[in-house]
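Comments concern the structure below.
The values are calculated or read from the model by the stated rules, or taken from the named source; none is laboratory data. Bear in mind that the values here come from a model prediction, so they are computed numbers and not experimental data. Neighbour counts run over all protein chains shown; Cβ positions are idealised from the backbone, glycine included. Remember, those area values only see protein heavy atoms, side chains included, never the ligands or the DNA or RNA. Shrake-Rupley method; radii C 1.70, N 1.55, O 1.52, S 1.80 Å.
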Amino acid sequence: MHLDLLAVITAFGLIFLAELPDKTMFASLAMGTRMRPLYVWFGTSSAFVVHVAIAVGAGSLIGLLPDWTVKLVSASLFALGAFLLLRGSGGDDDDEAEVKTVTGFWPVYSTAFMAVFISEWGDLTQITTANLAASNGTWSTAIGSAAALMSVSALALLAGKFIAKRVPLKTVQRIGGLCMLGLAVWTAVEIFTD
């Protein structure tokens, strides 16, 4: 196992910048307002590690999956997330006690894991990771890519926690639900435009 620090830094930089505007970052932010952020981070990070392993180990595997199927499942998961967030933010009273946060490690972990695991198939960052692994080395690329993806998820969750402290939770949930609904529509539209 040979680690090239320049390859690690290159992978980190490219993947971090590519993931920042990605829908997974916004999904993490939305999940972090309704669920325990640390549990969400464990779930998203685990999914990212699996995707990095798949990308560096068998980048060509992505091409075997029907793109429309992956996008349809991803759109469905975003729509489910939007429904759950918007349903939980209903009503105009400001009684924070009525808003329930999803708790429990396994429910939060599995929700976050599946949302990221399914939506990241064939994503730009996964393809970029596969390409970098071919030219810059497997382990260096894997470490840089995984660190970048986990960093973006942590950044989104911290932003979500910061926002949730300053804005009423119901407002954050409504905005998060609308963002998730927008991501569902965006992903569904991609089925027909790609």
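Kindly provide the set of residues from the stretch 108-149 that are β-branched (V, I, T) and either touching a Cys at 6+ places or on another chain (Cβ under 7 Å) or open to solvent by less than 10 Å² (accessible area, probe 1.4 Å) (or both), ordered by number. Before the answer, list the steps.
Residues of the stretch 108-149 that are β-branched (V, I, T), as a first pass: 108, 111, 116, 118, 125, 127-129, 138, 141, 143.
Within the stretch 108-149, V108, V116, T125, T129, T141 meet the criteria.
Going through I54, I62 one at a time, which residue ends up being modelled with pLDDT under 70, over 16 Å from the mean Cα position of the chain (by Cα), assigned to a helix (DSSP H, G or I) and surrounded by 15 or more Cβ atoms within 10 Å (Cβ to Cβ)?
So the residue among I54, I62 that is modelled with pLDDT under 70, over 16 Å from the mean Cα position of the chain (by Cα), assigned to a helix (DSSP H, G or I) and surrounded by 15 or more Cβ atoms within 10 Å (Cβ to Cβ) is I62.
Consider G32 carefully, then state whether it is under 26 Å from S151 (Cβ atoms), surrounded by 20 or more Cβ atoms within 10 Å (Cβ to Cβ) and either touching a Leu at 6+ places or on another chain (Cβ under 7 Å) or modelled with pLDDT of 65 or more (or both).
Considered against the rule, which asks whether it is under 26 Å from S151 (Cβ atoms), surrounded by 20 or more Cβ atoms within 10 Å (Cβ to Cβ) and either touching a Leu at 6+ places or on another chain (Cβ under 7 Å) or modelled with pLDDT of 65 or more (or both), G32 comes out as yes.
Within the stretch 89-128, which residues are of a type in the set (A, V, I, L, M), more than 23 Å from K161 (Cα to Cα) and either at pLDDT below 80 or part of a loop (DSSP other than H, G, I, E, B) (or both)?
L124, I127
Does the stretch 175-194 hold any residues that are modelled with pLDDT under 80 and more than 14 Å from A27 (Cβ to Cβ), and which are they?
Residue satisfying the conditions is D194 alone.
G160 - would you say it is part of a helix (DSSP H, G or I), under 25 Å from V50 (Cα atoms) and touching a Leu at 6+ places or on another chain (Cβ under 6 Å)?
In short, yes.
Tally time: how many residues in the stretch 1-22 are under 28 Å from P107 (Cβ atoms) and buried (at least 21 other Cβ atoms within 10 Å of the Cβ)?
So the count comes out to 1.
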